[in-house]
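The values are calculated or read from the model by the stated rules, or taken from the named source; none is laboratory data. Only a predicted model underlies this, so the values are computations on that prediction, with no experimental measurement involved. Cβ placement follows ideal geometry from the backbone for every residue including glycine, while neighbour counts extend to all protein chains displayed. Protein only, heavy atoms only, side chains kept; ligands, DNA and RNA dropped before computing areas. Shrake-Rupley method; radii C 1.70, N 1.55, O 1.52, S 1.80 Å.
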Amino acid sequence: MADFSSERLSVLNAEYVRCIDNDAVEQWPDFFVERCLYVVNTADNYAQGMQAGVIYADSRAMLHDRVSALRDANIYEQHRYRHIVGTPLVLERSEEGAQAETPFLVVRIMRDGQTDVFASGRYVDRIVDEAGTLKFAERIAVCDSHNIDTLLAIPL
Amino acid sequence: MADFSSERLSVLNAEYVRCIDNDAVEQWPDFFVERCLYVVNTADNYAQGMQAGVIYADSRAMLHDRVSALRDANIYEQHRYRHIVGTPLVLERSEEGAQAETPFLVVRIMRDGQTDVFASGRYVDRIVDEAGTLKFAERIAVCDSHNIDTLLAIPL
Amino acid sequence: MADFSSERLSVLNAEYVRCIDNDAVEQWPDFFVERCLYVVNTADNYAQGMQAGVIYADSRAMLHDRVSALRDANIYEQHRYRHIVGTPLVLERSEEGAQAETPFLVVRIMRDGQTDVFASGRYVDRIVDEAGTLKFAERIAVCDSHNIDTLLAIPL
């Protein structure tokens, strides 16, 4: 079986958030398999089984579209973001992959220096090993807040 | 000697905070041995040797009482909380257990989406291996702030 | 080659932030080699190759001077700080050492209990193994905010 240890998943998450926070978001879709699921949802909707979420993408191509839109909108560049990610808790491991939950906190730094908590929640992930590289088959960002910023442009 | 590595303690903490933040607080006492010590204290009081703290429990039964009180008070459900926990630093290891310190940060998400830092500090822990499962013999949540919320209902 | 695993670097960071947050800042210079580089800079200046930063020290002696100044100024004692550090991402390993990036978040707790985000960013580190102990040959704290507090007294 592939190595789905908490340590290896931590490194995957470290690479993931570095890509976003270092403004290399064009590489962000590469963290996913081609036929993936990426969803941003509220905790309440998620608990009630509403899967569509605020953001929904079910292919890597859709993630690329999202990055293009984000660059066109030019919102991303106005602020900085910093993701702080907790320890991945592996809930299930099999030949097919691992199921994990990982808490996250994202702060937003405005141009005037004002910093606030932008989002918090947990990632609900299904992770697979694709030729020796860990990839997200599913990443559902379940946000604690009801009010997800409708301008939410950066990936969580 | 049992495995008291930083990695294993990280997983314990990940399980602990998931239990609280996912609103499964009824399982929270199970992270402790039966004759445990759970204290929430301020850094100043702790430094001065005042051990009683704002919250004090010296058995798992008292932790269960606390959970019941919390459910009755119905305070817990009004907000969400998110714990972000740092790397456990193991200060001492022996046959009897491990002594560790771990920083924590808890944000509170109000129903209107407003998110603020609810508490920060460090856990001062004594951890034992009970039949292959790590448990807290002592968990002292030493809070940075003087003003610990008197409505403090959720476990830290 | 020395062990420059992400886990070992995590423990180094845990010791580093504990030293600062537990107010044992006199020991802080010991985390560096004698001819070290310690810089606090903004992300914008860093990206433009301006290396001098807001704070610049190129020897352990300068770090000791900084601690003395900080104690004389008596600023440090007025608040508390709490560092939360992410998973170190090792970008390069060799006989000479490791290059790593690690996100950080620092909250400040005022005496009245008010807590806010004081700084966020990433550490850009060169780490060496000095007789079995990991030390920073370089630690550049690249801050997300333009407006680094000019009273910045505590080490990041």
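Data overview
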read-out	value
Qualifying residue in region C:42-58 (condition: within 30 Å of B:Ala47 (Cβ to Cβ), out of contact with any Ser or Thr (no Cβ under 9 Å at 6 or more places or on another chain) and aliphatic (A, V, I, L, M))	yes
The lone exception for B:Arg82 - which of (1) farther than 25 Å from B:Ser59 by Cα; (2) more than 12 Å from every other protein chain (Cβ to nearest Cβ); (3) touching a Gly at 6+ places or on another chain (Cβ under 8 Å) it fails	(2)
Qualifying position, being more than 14 Å from chain A (Cβ to nearest Cβ), under 21 Å from A:Gly86 (Cβ atoms) and touching a Phe, Trp or Tyr at 6+ places or on another chain (Cβ under 8 Å), among B:Val25, B:Val33, B:Val39	B:Val25
Pair list, Cβ under 8 Å, 6 or more apart: region A:52-80 residue under 15 Å from A:Ala24 (Cβ atoms) and modelled with pLDDT of 90 or more, other residue open to solvent by 60 Å² or more (accessible area, probe 1.4 Å) and assigned to a helix (DSSP H, G or I)	A:Val67/A:Glu26
Looking only at region A:31-51, and only at residues there that are part of a helix (DSSP H, G or I) and without any contact (Cβ under 8 Å) to a residue 24 or more places away in the chain, the one that is surrounded by the fewest Cβ atoms within 10 Å (Cβ to Cβ)	A:Ala47
Yes/no for A:Asp125 being more than 19 Å from A:Tyr38 (Cα to Cα) and within 14 Å of chain B (Cβ to nearest Cβ)	no
Close pairs from region B:93-113: first farther than 16 Å from A:Val107 by Cα and facing chain A (nearest Cβ under 9 Å), partner modelled with pLDDT under 95 and assigned to a strand (DSSP E or B), Cβ under 9 Å, at least 6 apart	B:Met110/B:Arg80; B:Met110/B:Asp116; B:Arg111/B:Arg80
Selection count, region A:67-91, where residues are open to solvent by less than 70 Å² (accessible area, probe 1.4 Å) and either on the phi > 0 side of the Ramachandran plot or outside any strand (DSSP E or B) (or both)	12
Of all residues in region A:52-61 being under 14 Å from the mean Cα position of the chain (by Cα), open to solvent by 40 Å² or more (accessible area, probe 1.4 Å) and over 23 Å from A:Val107 (Cα atoms), the one that is farthest from the other protein chains (Cβ to nearest Cβ)	A:Asp58
